[in-house]
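The values are calculated or read from the model by the stated rules, or taken from the named source; none is laboratory data. Nothing here was measured: the structure is a model prediction, and the numbers come from that model. Every residue, glycine among them, receives a Cβ derived from its backbone with ideal geometry; neighbour counts consider all protein chains shown.
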Amino acid sequence: MKEPLFGEFETSPHEPHMLGAMQRLEFPMRRYRNEEQVDYCLVGVGSAGGVLLQRLSRAGFSVVGLEAGPFWDTERDWVSDEAGSHQLYWNDLRITGGKDPLALGANNSGRGVGGGSVHWAGFTPRFHPSDFRVYSEDGVGADWPICYEDLKPYYELLEREIPVSGPPYFPWGHPHGYPYGPHPMGGCGDILIKGCTKLGIGVSIGGPVAILAGSHGERPHCIYRGFCIQGCKVGAKQSTLISHVPDAIEHHAEIRDHSMASRINLGKDGRVTGVTYFDSQGREKQQRAKAVIVCGYAIESPRLLLNSACPGHEHGLANSSGTLGHYLMAQGGNVVLGRFKELVRMYKAPPAHAMTEEFYETDPKRGFARGFAIQTVGPLPIAFARQMMVAKGAWGWGMRQLMMDYNHWGAIALLSEILPWDDNRVELSAERDHRGIPVAKVTFNLHDNDKKVIEFGKNKVMEVMYAAGAEEVVQEARYAHLVGGARMGNDPRTSIVDKFGRTHDVSNLFVCDGSILPTQGSANPGLTIQALAARTADYLISQGTAIFSKSTRDMETPSIRYDMSPPDTWGKGVPRLK
Amino acid sequence: MSRSERDGGPIDLKTGKPLQARTQPGYYPKFKTMSQKAFWDEATRKVVLERVEQIPPIRFFNPEEATLMAAVCERILPQSDRDESHKIPIVNAIDERLHKDRLDGYRYEHMPSDQEAHRLGLKAIEEIAQHIYGKSFLNLSPLEQESVLATIHDGQPPAAHAIWEKMPVSRFWLLLVSDVVGTYYAHPYAWDEIGFGGPAYPRGYMRLEGGEPEPWEVHEKRYEWAAPEGSPSAKYTHVGGSPEHKGSPGQGGTH
């Protein structure tokens, strides 16, 4: 076909706000005045914030979500282009340092409604039962204040709400299946399967990923264009923007975009009274609220709480433990690149589509605690060139020549556990951003166990790449994901929030996002963050107005609610699974 | 002497002669991602066409810096195998990023701002050229220019020590190369060169396995060529001489 049947694709100027190719968002949205005391003010409408906003508004609470970035219209704002997607990431200044500094921005930090779930590759493995008791089992890291069984029903629920596509039987951790069927393979998936099979390593094929293998409600299935981390214009890959936010708007939640929170305000009674923020015009404003939930992820959440220091909380709000910003984690994410005689064309198909967790658990024979996963990735040309700039030191004619072979290269990657360490931190820098808010300084150092897992894991991934038939194999060290910085725990002396995300120090202040994770295993954290948000929402809903007035805390876990999901959750997918 | 030899240009291995400049280098003859633009969504088409058709003016670099930067970029990603009308403009895009202060969301401690880093880097490159050859970088042959840059790549610059006290050598190198490749491989000409399918919404891809082309893509047709004799950039050696470079630039969230 030389031309599209009905001519060049155009967006009608009269199109409503689009979320994906088919879903129209019905406006107008409820607007609250600054003076109105809303029930909940959320800071950040990302993976956790989107789910919370939807749950709390559906339960009838008045909710405002402050979001630093835009409220995306996916048809107008997103592009099927690598360089053109720069706006999806948190691009404001941060300082990164330590012995093993983390790359931030596009590497791990989202901005705009949907947050990180807009640019994640979409892998959605659950954490293993062992992840919740790392300290008890291995004597390192930390235990969670909850166990796998506490989160399991929420994993199952979110796997339906997202919904997740994957194999009918996923054999690692707590074995389970998925509501939507697995995806077809792309070049990198075939490489992973071939290499692993030769070495006798089991592989999960076609998921688990938050990408639709079949259409769902107003969301079409995947078209395999490979631009997942540039934002899915199709609407096949889940972000809370397309899965939960429409239901929140429908239930009268307000999302105030381009609104950057600068501090949380504390009243004389020691309870928070609302949030100070800069609006889209750069004007400083305050939103009053009966309770505040910080959902800004592992760097911005600690930064906001540190910037909210006030009398009685001199070292940052809710930081009586002195651990705010500490125990920041990433995962080892070395990319292993292999050149094949045949063409691969790894730009097709979602980067995330096959994985193995065969090496996830501690194996005493290996001489280190915990383990790693191996997953497919699919770097587009710019990402690939930058990987080669490091992996091979390529530049000049060498870079030009190597890039002409882009289609001969395939990529798979390590995802290894890095333990929580006190010296890996988010602190405030002496520098300020353009609004005058002190910026975050991130310090990161690998410790002995982390280095051993990465070394072993990297070599294993390279072995798989060679076994798949690659004639040349190179790798680039990098890190994936961010969690920690405001961890949850039972002991107020060593953690920031309790098992429901409530800060130990302030009874109407919560943190709910990746920053509350005490450890993160070798699983991508997105699903767990959304599951935790749904669990916190159930707790808040069960508590009713008690959150807004009482300072005593009820630590009873409410039962899970199956009536709070967005529409289209039930009766969809492959019926063979309960 | 042919133009290519004078330039230290690449060699056609079939003939042993300098490689002719082409409209489209690479192994995918006649493959044109832009020929598919009617199949792209409107927002994407707009962004890509703007990139190709509207070259931003130089506003950040002063004229001397811009000239030097152009010469540096031509060595970081040489384009002498491209004919004049199909060269990919690099400096203007980097200049625009710096002018508009479009950051990547972080700065390494011990590094100055991206703007200052690029300015200092150009000064250092000129100082190294003067130190080794007693001439301006602009007056060196391509291979000499490569040798100057190779000292930075290797983490062993023989001059400009005051500048390297303000910024680590390898961090500057990665910033520079990152900016250049981020511009080159964002251009449809580069996609045609490497056989990348380009934007694919709303159409998508159907042939996912076995490296098969879509009906509108083309099969690979290789030609053998080599970098100029003695080109330091043709040898793949690790940045700063170390195989593990700690904390390289972010790459768009690989996973």
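Pull up segment A:534-578, narrow it to residues that are in contact with a strand residue (DSSP E or B) (Cβ under 7 Å, 6 or more places away or on another chain) and assigned to a loop (DSSP other than H, G, I, E, B), then point me to the one that is modelled with the highest pLDDT. Once the filter is applied, the top-ranked residue is A:ARG553.
With respect to A:LYS392, is the statement that it is surrounded by fewer than 24 Cβ atoms within 10 Å (Cβ to Cβ), closer than 28 Å to A:LYS99 by Cβ, within 12 Å of another protein chain (Cβ to nearest Cβ) and within 21 Å of the chain's Cα centre (by Cα) true? For A:LYS392, the condition - surrounded by fewer than 24 Cβ atoms within 10 Å (Cβ to Cβ), closer than 28 Å to A:LYS99 by Cβ, within 12 Å of another protein chain (Cβ to nearest Cβ) and within 21 Å of the chain's Cα centre (by Cα) - is not met. With respect to the conditions (1) more than 14 Å from every other protein chain (Cβ to nearest Cβ); (2) closer than 24 Å to A:ASP77 by Cα; (3) not in a loop (DSSP other than H, G, I, E, B), A:MET18 lacks only one, and its number is (1). Of all residues in segment A:499-527, those satisfying the criterion of being of a type in the set (D, E, K, R) and either under 25 Å from A:SER416 (Cα atoms) or within 21 Å of the chain's Cα centre (by Cα) (or both) are A:LYS499, A:ARG502, A:ASP513.
Note on segment A:224-309: enclosed strands (runs of 3 or more DSSP E) holding 2 or more residues that are closer than 30 Å to A:LEU212 by Cβ and modelled with pLDDT of 95 or more are A:254-256.
Considering only residues that are of a type in the set (D, E, K, R) and surrounded by fewer than 17 Cβ atoms within 10 Å (Cβ to Cβ), look in segment A:97-142 and name the one that is nearest to A:TRP78 (Cα to Cα). Selected residue: A:LYS99. Selection of segment B:220-230 for residues being more than 7 Å from chain A (Cβ to nearest Cβ) and either hydroxyl-bearing (Ser, Thr, Tyr) or out of contact with any Leu (no Cβ under 9 Å at 6 or more places or on another chain) (or both) yields B:LYS221, B:ARG222, B:TYR223.
Let's see how each residue does on (1) of a type in the set (A, V, I, L, M); (2) within 12 Å of another protein chain (Cβ to nearest Cβ):
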residue	(1), (2)
A:VAL209	yes, yes
A:ALA213	yes, no
A:HIS216	no, no
A:HIS221	no, yes
A:CYS228	no, yes
A:CYS232	no, yes
A:SER243	no, no
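A:VAL464 passes every criterion in (1) closer than 20 Å to A:CYS188 by Cα; (2) surrounded by fewer than 23 Cβ atoms within 10 Å (Cβ to Cβ); (3) modelled with pLDDT of 95 or more apart from (2).
Can you pull out every residue in segment A:241-278 that is among the basic types (Lys, Arg) and either touching an Asp or Glu at 6+ places or on another chain (Cβ under 9 Å) or farther than 28 Å from A:ARG553 by Cα (or both)?
Initially, segment A:241-278 is screened for residues among the basic types (Lys, Arg), giving A:256, A:263, A:268, A:271.
If the condition is that a residue be among the basic types (Lys, Arg) and either touching an Asp or Glu at 6+ places or on another chain (Cβ under 9 Å) or farther than 28 Å from A:ARG553 by Cα (or both), then A:ARG256 is the only one that fits.
Of all the residues in segment B:97-147, those that are of a type in the set (Asp, Glu), in contact (Cβ under 8 Å) with a residue 40 or more places away in the chain and more than 30 Å from A:GLN87 (Cβ to Cβ) number 2.
Where helices (runs of 4 or more DSSP H) fall wholly inside segment B:1-92, the ranges with 2 or more residues that are away from every other protein chain (no Cβ under 14 Å) and not polar (S, T, N, Q) are B:3-6, B:63-76.
Rundown of residues vs (1) closer than 23 Å to A:GLU455 by Cβ; (2) within 14 Å of chain B (Cβ to nearest Cβ), yes/no style:
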site: A:LEU317; (1), (2): no, no
site: A:VAL336; (1), (2): yes, yes
site: A:VAL344; (1), (2): no, yes
site: A:ALA354; (1), (2): no, yes
site: A:ILE382; (1), (2): no, yes
site: A:TRP397; (1), (2): no, yes
site: A:ASP405; (1), (2): no, yes
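Among what's in segment B:189-207 and is assigned to a helix (DSSP H, G or I) and of a type in the set (D, E, K, R), pick the residue that is surrounded by the fewest Cβ atoms within 10 Å (Cβ to Cβ). Step by step, filter segment B:189-207, then rank; the result is B:ASP192. Looking at segment B:93-133 only, could you name the residues that are of a type in the set (Lys, Arg), surrounded by fewer than 20 Cβ atoms within 10 Å (Cβ to Cβ) and either touching a Ser or Thr at 6+ places or on another chain (Cβ under 8 Å) or within 14 Å of another protein chain (Cβ to nearest Cβ) (or both)? If the condition is that a residue be of a type in the set (Lys, Arg), surrounded by fewer than 20 Cβ atoms within 10 Å (Cβ to Cβ) and either touching a Ser or Thr at 6+ places or on another chain (Cβ under 8 Å) or within 14 Å of another protein chain (Cβ to nearest Cβ) (or both), then B:LYS100, B:ARG102 are the ones that fit. Just checking, which of A:GLY214, A:GLY207 is part of a loop (DSSP other than H, G, I, E, B) and surrounded by fewer than 21 Cβ atoms within 10 Å (Cβ to Cβ)? Criteria check complete, one pass: A:GLY214. Scanning segment A:83-95 for residues being surrounded by 24 or more Cβ atoms within 10 Å (Cβ to Cβ) and at the interface with chain B (Cβ under 7 Å from one of its Cβ atoms) gives a total of 3. When A:LYS152 is tested against the conditions (1) more than 12 Å from every other protein chain (Cβ to nearest Cβ); (2) assigned to a helix (DSSP H, G or I); (3) touching an Asp or Glu at 6+ places or on another chain (Cβ under 7 Å), the lone failure is (3). In this structure, A:PRO379 qualifies as in contact with a Pro (Cβ under 8 Å, 6 or more places away or on another chain) and within 15 Å of A:ARG478 (Cβ to Cβ).
So that you can scan it fast, the table gives a plain yes or no per residue for (1) more than 7 Å from chain A (Cβ to nearest Cβ); (2) hydroxyl-bearing (Ser, Thr, Tyr); (3) surrounded by fewer than 23 Cβ atoms within 10 Å (Cβ to Cβ); (4) in contact with a strand residue (DSSP E or B) (Cβ under 8 Å, 6 or more places away or on another chain):
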residue	(1), (2), (3), (4)
B:ALA159	yes, no, yes, no
B:LEU176	yes, no, no, no
B:TYR184	yes, yes, no, no
B:HIS187	yes, no, yes, no
B:GLU209	no, no, yes, no
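Does A:THR545 satisfy the condition of being surrounded by 21 or more Cβ atoms within 10 Å (Cβ to Cβ), of a type in the set (Val, Ile, Thr) and at negative phi? No; evaluated as a whole, the condition is false for this residue. Search segment A:193-205 for residues that are within 15 Å of A:GLY166 (Cβ to Cβ) and pair each with any residue that is of a type in the set (Ser, Thr, Tyr) and assigned to a helix (DSSP H, G or I) when their beta-carbon atoms are under 8 Å apart and the residues are at least 6 apart or on different chains. Filtered contacts from segment A:193-205: A:VAL203/A:THR197. Check segment B:134-157 and report whether any residue there is surrounded by fewer than 18 Cβ atoms within 10 Å (Cβ to Cβ), away from every other protein chain (no Cβ under 14 Å) and aromatic (Phe, Trp, Tyr). Looking for residues that are surrounded by fewer than 18 Cβ atoms within 10 Å (Cβ to Cβ), away from every other protein chain (no Cβ under 14 Å) and aromatic (Phe, Trp, Tyr), one finds none in segment B:134-157, hence no.
Would you please name the residue that is farthest from the chain's Cα centre (by Cα), looking only at residues in segment B:192-202 that are closer than 30 Å to A:GLY20 by Cα and facing chain A (nearest Cβ under 7 Å)?
Quick first cut of segment B:192-202, residues closer than 30 Å to A:GLY20 by Cα only: B:192, B:194-202.
Within this subset, residues satisfying the condition of being facing chain A (nearest Cβ under 7 Å) are B:194-197, B:199-202.
Details: B:ILE194: 14, B:GLY195: 17, B:PHE196: 17, B:GLY197: 20, B:PRO199: 21, B:ALA200: 24, B:TYR201: 27, B:PRO202: 30 Å.
Here the answer is B:PRO202.
Is it true that some residue in segment A:550-565 is buried (at least 18 other Cβ atoms within 10 Å of the Cβ) and either under 24 Å from the mean Cα position of the chain (by Cα) or more than 27 Å from A:TYR297 (Cβ to Cβ) (or both)? The answer is yes, given that some residue of segment A:550-565 is buried (at least 18 other Cβ atoms within 10 Å of the Cβ) and either under 24 Å from the mean Cα position of the chain (by Cα) or more than 27 Å from A:TYR297 (Cβ to Cβ) (or both).
The residues of segment A:21-56 that are part of a strand (DSSP E or B) and of a type in the set (Lys, Arg) amount to a single one, A:ARG24. Of all the numbered requirements in (1) under 19 Å from the mean Cα position of the chain (by Cα); (2) more than 7 Å from chain B (Cβ to nearest Cβ); (3) of a type in the set (A, V, I, L, M), A:ALA121 misses one, and that requirement is (2).
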